[in-house]
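Contents: one structure, followed by commentary.
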Amino acid sequence: MIKINGYYFITDSILSKNGNISDVTNAVSAGVKVVQYRNKGGSTKEMFEEALKLKDICKGRNIFLINDRVDIALAVDADGVHLGQDDMPYERARNILGKNKIIGLTVHSVKEAEEAEERGADYLGISPIFATDTKSDAGSPAGIILIEKIKESLKQGIPIIGIGGINLSNAADVVRAGADGLCAISAVVKKNNIKAEIRKFQNLFEKEREYTRIDK
């Protein structure tokens, strides 16, 4: 089972002030454990070329995943992919990538989470926790209650990541609900100092996790 802990970084070239290359460089420097490359507007060639550069930045220091595009993940030999409910079926992606690659799935309900775990997903992205403008098709916000319910329902305890509308004012609630990691895209990539913003989330995550351990 993979370990995901703390801030989970997803690129967004539209919102970014400095571009994906700069953002990922700073994210890696800030100590993130996972980088997910998401590019909804680029051509296949552009994605392939940029993914190669991003993979080189990550180069074994963290997990490098490709959003949606199994072909790009295969072409650049990424660590795996993250798939949504409307993307390539998990089973087909697993057949293509092999048993050693990571496949994460986005889920929006307890039922989807249980099914994803049964199918063999390595981790889950729970989305959207709060209202978000980053992803137009994200759906209605589920709130932290969904994190709690999914955490209780999973039998194998695979990591769960909270995504959608998260910022420094509500991130603590996401951690307390049981998320193993969280992603706050616009709250980070729209800022001038990416590294500093990520470290704020990392510090908050560690602080809340420590409080949780003490309470138990």
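Computed values, structure above
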item	result
Considering residues of the range 32-48 that are among the charged types (D, E, K, R) and not in a helix (DSSP H, G or I) only, the residue surrounded by the fewest Cβ atoms within 10 Å (Cβ to Cβ)	K40
Hits in the range 108-131 (condition: part of a helix (DSSP H, G or I) and of a type in the set (G, A, S))	A113, A116
Qualifying residue in the range 132-151 (condition: small (G, A, S) and in a strand (DSSP E or B))	no
Conditions (1) small (G, A, S); (2) touching a residue at least 40 places away in the same chain (Cβ under 8 Å); (3) assigned to a helix (DSSP H, G or I); (4) crowded, with 18+ Cβ neighbours inside 10 Å: number failed by A51	(2)
Criterion violated by N26 - all others in (1) farther than 26 Å from V107 by Cα; (2) touching a residue at least 60 places away in the same chain (Cβ under 8 Å); (3) surrounded by fewer than 20 Cβ atoms within 10 Å (Cβ to Cβ) satisfied	(3)
Those residues of the range 66-87 which are of a type in the set (A, V, I, L, M) and surrounded by 18 or more Cβ atoms within 10 Å (Cβ to Cβ), in sequence order	I66, V70, I72, A73, V76, A78, V81, L83
Residue within the range 6-21 that is in contact with a helix residue (DSSP H, G or I) (Cβ under 7 Å, 6 or more places away or on another chain), in a helix (DSSP H, G or I) and either modelled with pLDDT of 95 or more or buried (at least 21 other Cβ atoms within 10 Å of the Cβ) (or both) present	yes
Leading residue by the ranking (farthest from the chain's Cα centre (by Cα)) among those in the range 194-216 that are loosely packed, with under 13 Cβ neighbours inside 10 Å and hydrophobic (A, V, I, L, M, F, W, C)	I214
Enumeration of residues in the range 31-51 that are under 14 Å from A184 (Cα atoms) and among the hydrophobic types (A, V, I, L, M, F, W, C)	V32, V34, V35
Tally, over the range 89-107, of residues that are assigned to a loop (DSSP other than H, G, I, E, B), of a type outside the set (G, A, S) and surrounded by fewer than 18 Cβ atoms within 10 Å (Cβ to Cβ)	3
Residue in the range 182-189 that is free of Cβ contacts under 8 Å to residues at least 40 places away in the same chain, more than 14 Å from the chain's Cα centre (by Cα) and either more than 19 Å from R38 (Cβ to Cβ) or in a loop (DSSP other than H, G, I, E, B) (or both) present	no
Residue count, the range 174-193 (criterion: more than 12 Å from I10 (Cβ to Cβ), surrounded by fewer than 24 Cβ atoms within 10 Å (Cβ to Cβ) and touching a Phe, Trp or Tyr at 6+ places or on another chain (Cβ under 9 Å))	2
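The values are calculated or read from the model by the stated rules, or taken from the named source; none is laboratory data. Bear in mind that the values here come from a model prediction, so they are computed numbers and not experimental data. So basically every Cβ, Gly included, is an ideal-geometry build from the backbone, and we count neighbours across all protein chains shown.
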